[in-house]
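Undergrad: Below is a structure I'd like to ask you about.
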Amino acid sequence: MSAKIKLHLNYFFNKVNLFIFLSSLVLIWIAILAIVSDLDPNVYSINQYYQSSYLLFSIFSNSFACFLFSFNYLKEQDEYRYLIVLNNKDKISYLTSKLLVSILILILFHLIVVLIINVLGFIFLKVTINSYYLKISINTLFLNLLFGFMSLILIKVSNRILIIFVPLFISFMINFIENKSFKKIVSVLFPVLDNNFLFNCLHFLFLYFVCLVIIYFLEVYLDY
């Protein structure tokens, strides 16, 4: 397993992935810097800063998650699997190690963006993240992982990169449509970490379980 993880890491940090990873971080840094540099240190500005920053965070990180769990699982981008996958047992081991690496890279991306938001907030507004926005950052990670799994399922079925516009479109709807009825319906598949924190964490875990069952089923039984 460790050898496969090292192999995936070497692959994931190729020129394309590294460019997307770094360029996404640079764009987020520039956008957040543009927001905070025009604000004065007061309560209204602090709330405006965090709301704008985490909206950008959600958009960029979800786009990155969809890319991470789709482009790298396309058949033409996954050809090195044929060197090590000989049977269904190898498929399970290969997919598990690749998923672990994908999740670790997504977590790393999130941690860097949260660090950028808090460092710039401290430098310009003299504030640090509070528990409310910490919960939002965790919720963003959970949601992006869910969208990543959805992207992977769609890629396994279609093997077409343009299919990731489906989860991206859903993500944009969640971020920009404020209708309460819509939010309530959407929360069934895309929960939010509100006051029922433990329940919603279990909700996420259940959705992950369903997605992973589908992903492993497709991995084993599709003619890859």
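The values are calculated or read from the model by the stated rules, or taken from the named source; none is laboratory data. The shown structure was predicted, so the numbers you read here are calculated from the model rather than taken from an experiment. In this analysis, Cβ positions are derived from the backbone assuming ideal geometry, glycine residues included, and neighbour counts consider all displayed protein chains. Surface accessibility is based on the protein's heavy atoms, side chains included, excluding ligands, DNA and RNA. Shrake-Rupley method; radii C 1.70, N 1.55, O 1.52, S 1.80 Å.
Undergrad: Treating only the Cβ of Lys, Arg, Asp and Glu as charged (+1, +1, -1, -1), what charge dipole size does region 34-96 show about its Cα centre? Round to the nearest 20 debye.
TA: With Lys and Arg at +1 and Asp and Glu at -1, about 380 debye.
Undergrad: Taking springs between alpha-carbon atoms closer than 10 angstrom, which of 144, 118, 88 fluctuates most in the Gaussian network model of the chain?
TA: Largest GNM mean-square fluctuation: 88.
Undergrad: Work out which helices of the chain, taken as complete DSSP H runs, extend at least 27 Å along their axis over the Cα atoms and score a mean Kyte-Doolittle of 1.6 or more, then list them.
TA: For the chain, where a helix must reach 27 Å along its axis and average at least 1.6, the hits are 15-36, 88-125, 197-221.
Undergrad: With an 8 Å Cα cut-off and a minimum separation of 6 or more residues, compute the relative contact order for region 1-113 in percent.
TA: Once normalised by length, the contact order is 47 percent.
Undergrad: Report the convex hull volume per residue for region 66-159, counting only C-alpha atoms, in Å³.
TA: Roughly 104 Å³ of hull volume per residue.
Undergrad: Next question, about the same structure. About its Cα centre, what dipole magnitude does region 149-224 give when the only charges are +1 on Lys and Arg Cβ and -1 on Asp and Glu Cβ, stated in debye to the nearest 20?
TA: Roughly 200 debye, rounded to the nearest 20.
Undergrad: Okay, moving on. Tell me the carbon and sulfur percent of the accessible area for the chain, rounded to whole percent, probe radius 1.4 Å.
TA: Here it works out to 72 percent.
Undergrad: Name the residue from 146, 217, 207 whose Cα lies farthest towards the positive end of the charge dipole of the chain, charges +1 on Cβ of Lys and Arg and -1 on Cβ of Asp and Glu.
TA: 217
Undergrad: Here's something else I'd like to know. Rg over Rh of the chain, using C-alpha atoms and the Kirkwood radius, what does it come to?
TA: Using Cα coordinates only, the ratio equals 1.00.
Undergrad: May I pose another question? When the chain is treated as a GNM, springs tying every alpha-carbon pair under 10 Å, which of 142, 57, 197 comes out with the largest mean-square fluctuation?
TA: Its mean-square fluctuation being the largest, the pick is 197.
Undergrad: If you wrap a convex hull around the Cα atoms of region 108-224, how much volume per residue is inside, in Å³?
TA: Roughly 136 Å³ of hull volume per residue.
Undergrad: Could you work out the longest stretch of the chain that avoids the trypsin sites (Lys or Arg not before Pro) located in DSSP loops with at most 14 other Cβ atoms within 10 Å?
TA: That would be 1-125.
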